[in-house]
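Visitor: Structure below; questions to follow.
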Amino acid sequence: MGGLSSLASLGLNVALGQEAAKRENRNLKKERDRQIEAIMRDNRDAERQQANALRRRQASERVRAGATGTATTGGSIDAILRGLEREAEVDANARRDVASARVKQIRDTFGTRRRNNLLTTTNRLLGNSSSTIGRSLLG
């Protein structure tokens, strides 16, 4: 009879352990997703600010060209504006690369944490089950 009680206890412990592992996994996913969303939101905000700054710089260059009597379209002003656009694009690409690297790092970190939690839970369950089975077979 003691063996059956121990096996029932083992089953309950396994079920509780699995539920705890699932809950921890859900919590890790939520935290990972929250951090990734924050990075993406910051990146969108930075791109919006950069686009606004680019428009202001372009307008400023046109005003400067007009004030000096230079044409506000064609020739050198177009080259200046294209240079500003290229500079902004290089900055945007660098920012996207950094954001992608941060997201990858977060995914990798949380993947490692999830695997470690799974291993810890499995080892704990295996440790409990082997001692419980041993007791139930002996007792």
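Visitor: Looking only at the range 39-84, which residues are of a type in the set (A, V, I, L, M) and over 20 Å from ALA99 (Cα atoms)?
Guide: ALA53, LEU54, ALA59, VAL63, ALA65, ALA67, ALA71, ILE77, ALA79, ILE80, LEU81, LEU84, listed by residue number.
Visitor: Another question, then. Among the candidates ARG57, ARG32, ARG48, ARG44, which residue alone is touching a Leu at 6+ places or on another chain (Cβ under 9 Å), modelled with pLDDT of 90 or more and among the basic types (Lys, Arg)?
Guide: Matching residue, one of ARG57, ARG32, ARG48, ARG44: ARG57.
Visitor: In addition: Can you find even one residue in the range 81-104 that is at pLDDT below 90 and exposed (fewer than 13 other Cβ atoms within 10 Å of the Cβ)?
Guide: There is no residue in the range 81-104 that is at pLDDT below 90 and exposed (fewer than 13 other Cβ atoms within 10 Å of the Cβ).
Visitor: Continuing with this model, one more query. Hey, any hits in the range 73-92 for a residue that's over 21 Å from PHE110 (Cβ atoms), in contact with a Leu (Cβ under 9 Å, 6 or more places away or on another chain) and acidic (Asp, Glu)?
Guide: yes
The values are calculated or read from the model by the stated rules, or taken from the named source; none is laboratory data. The shown structure was predicted, so the numbers you read here are calculated from the model rather than taken from an experiment. Quick reminder, even Gly has a Cβ in these numbers, built from the backbone with ideal geometry, and neighbours come from all protein chains shown.
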